[in-house]
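To start, the structure under review is shown below, and the notes come after it.
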Amino acid sequence: MVTYSHSRLSTFEQCPLKFKLKYLDCLESDQEGIEAFMGSRVHEALQKLYDDLKFMKRNSADDLVLFYNDSWEKNWHDDIKIVRKGLIPENYKETGERCIRDYYAAYQPFGEDTTIATETRILIKVDGKEMQGYIDRLSTRDGGVYIIHDYKTSASLPTNDDLLEDRQLRLYAKSIFCDYSDCHSVEIVWHYLSFNKEFRYSVTKEEAEKVWQEAALLVEEIESCRDFPGKPTRLCDWCEYRAACTHFKHPEMVREMPPEVFRKEEGVVLLNIYSAIDAECKAKEEELQAAKERLLAYARQHGMASVAGSDVRAVIYTNQRLSFPKREDPRQKAFIDLVKKLGLWEELESVDVYALARKINNKEIPGELIHLLDPFISRSVTETIRLYKR
Ligand code: SF4
């Protein structure tokens with residue numbers, strides 16, 4: 001049985017191709033983003049804080065920062081990637097340090113609740129599906145209240161909607177409701193450490209169940225997925241699978257090439273030829289359009305439908321193009337009613353095949369319905385090239 005996790009589900013939602021490369025092809029990635037690296041070091045320091053508190057040892061903020069700096073040095077490696085321009089490792093290191101100091105100052109003497117576990121694994125098994133996760137810190141208060149703490153070191157604050165859509169901790173809440181018999185309330189605390197801010201939310205049993213059901217549906221979608229298309233977004237800058245991704249493989253391959261090798265690389269040569277011809281054709285297209293307009297104006301002015309040249313003769317055909325209110329046009333309903341009233345509907349009605357094809361390509365039609373439509377679908381692939389400035 002495959003064990004799913006929130007990050008597996010999110011990876012699929014973010015980009016099915018990334019999901020495939022990471023979890024199905026199990027592609028190694030030695031690249032680590034500095035944000036994730038810094039986040040891990042901060043998590044370790046806060047884990048130490050609460051693990052030691054269980055044994056009545058209270059570290060000072062300086063002790064934790066020392067621990068953090070030490071772990072930073074021990075774990076640092078040269079493949080750690082910094083995407084944001086103009087920043088250096090020291091900027092991130094100091095940010096992490098500030099996160100720890102601010103957290104310490106805000107929560108000392110740490111008696112608000114009792115820590116049960118830190119970085120603890122949870123496992124939910126329902127309907128033949130298994131989901132796992134790690135809770136940064138699980139604690140409890142009197143009266144059967146359990147609290148899931150989650151540390152974030154991201155450089156942006158979530159909106160209310162972001163928090164209400166956050167699936168991860170609600171999924172974990174389901175496991176807490178199942179695992180602790182006295183639990184009748186689960187509280188989620190998101191600690192946005194870079195902003196020294198926390199957000200709290202109480203999850204009901206019903207809500208945790210609903211989120212689980214939605215996650216189970218997503219698992220079904222993943223398991224029935226066959227093509228795993230890439231979904232380029234701005235998050236691609238941070239993707240550790242760019243070198244294997246169909247969208248970024250070539251740019252990554254030529255990125256570090258010396259200029260003389262780059263200029264001779266086969267893909268670069270082919271694209272340069274294509275782009276030069278494309279530029280020429282576009283210039284010609286403009287010339288052609290201008291010549292056409294001049295010729296039509298001449299024919300119109302002299303009432304001619306045909307013009308003779310040295311080797312060719314031009315015949316000018318004039319067709320009237322009709323258009324009718326489209327789907328988004330508020331007049332469309334009245335227009336259709338009139339067509340029906342005129343008795344033309346039966347004769348003209350047809351399936352909007354363009355809308356149907358769009359829905360199938362956008363995966364807006366469930367797999368089982370596509371299966372029924374399949375005998376009527378002919379598939380062909382069209383390939384288009386668009387050029388963008390690098
Ligand atoms: S680079 Fe972007 S499109 Fe490619 S696998 Fe990663 S997230 Fe997907």
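The values are calculated or read from the model by the stated rules, or taken from the named source; none is laboratory data. What you see is a predicted model, and the numbers here were worked out from it, not measured in a lab. All Cβ positions, even for glycine, are placed from backbone atoms using ideal geometry, and neighbour counts span all protein chains on display. We work out accessible area using only protein heavy atoms, side chains counted, and drop any ligands, DNA or RNA first. Shrake-Rupley method; radii C 1.70, N 1.55, O 1.52, S 1.80 Å.
So what's the gap between the Cα centers of region 348-390 and region 282-300, to the nearest angstrom?
Their Cα centres are 36 Å away from one another.
List the extent of the Cα atoms of region 237-288 along each of their three principal axes, largest first, rounded to whole Å.
For region 237-288, the Cα spread along each principal axis is 46, 25, 14 Å.
Note the full-extension length gain between Lys85 and Asp127 as 0.36 nm times their separation in residues minus their Cα-Cα distance, in nm to one decimal.
10.5 nm
Can you pull the percent of the chain's accessible area that's carbon plus sulfur, 1.4 Å probe, other chains left in place?
That share works out to 53 percent.
Cα extents of the chain along the three principal axes, largest first, in whole Å?
101, 66, 39
Counting only helical runs of four or more DSSP H residues, what would the 222 nm mean residue ellipticity of the chain come to if each run contributes -39,500 (n - 2.57) and the total is spread over all its residues?
The helix contribution divided over the chain gives -15000 deg cm²/dmol.
Return the single residue from Glu35, Glu347, Glu187 with maximal mean-square fluctuation; model: Gaussian network over the chain, springs between Cα atoms under 10 Å.
It is Glu347.
Based on the Cβ-Cβ distance of Cys26 and Phe376, what FRET efficiency does E = 1/(1 + (r/R0)^6) give at R0 = 41 Å, to the nearest 0.05?
The computed FRET efficiency comes out at 0.60.
How big is the Kirkwood radius of region 126-213, worked out from every pair of different alpha carbons and given in Å to one decimal?
For region 126-213, inverting the mean 1/r across all distinct Cα pairs yields 13.6 Å.
Under the definition of Cα pairs under 8 Å and six or more residues apart, what whole-number percent is the relative contact order of region 249-390?
Answer for region 249-390 is 8 percent.
Using the alpha-carbon centroid of each, what span in Å lies between region 48-102 and region 171-185?
Value for the Cα centre distance between the two parts: 31 Å.
Ratio of Rg to Rh for region 172-246, alpha carbon only, Kirkwood?
1.12
Just the Cα atoms of region 16-129: what Rg and Dmax do they give in Å?
Using the Cα atoms of region 16-129, the pair Rg, Dmax is 17.6, 49 Å.
Could you report the chain's accessible area per residue, 1.4 Å probe, as an integer in Å²?
68
With both partners inside the chain, how many of the DSSP beta bridges are antiparallel, as a percent to the nearest 5?
65
Taking the highest mean first, how do the peptides 118-124, 350-356, 139-145 order by number of other beta carbon atoms within 10 angstrom per residue?
118-124, 139-145, 350-356
Under a point spin-label approximation (7 Å from Cα along Cα-to-Cβ), what is the Glu347-Trp238 distance to one decimal in nm?
Between Glu347 and Trp238, the label points sit 6.0 nm apart.
Length gain on complete extension for the stretch Leu322 to Asp70, per 0.36 nm per residue less the alpha carbon to alpha carbon distance?
My answer for the length gained is 83.3 nm.
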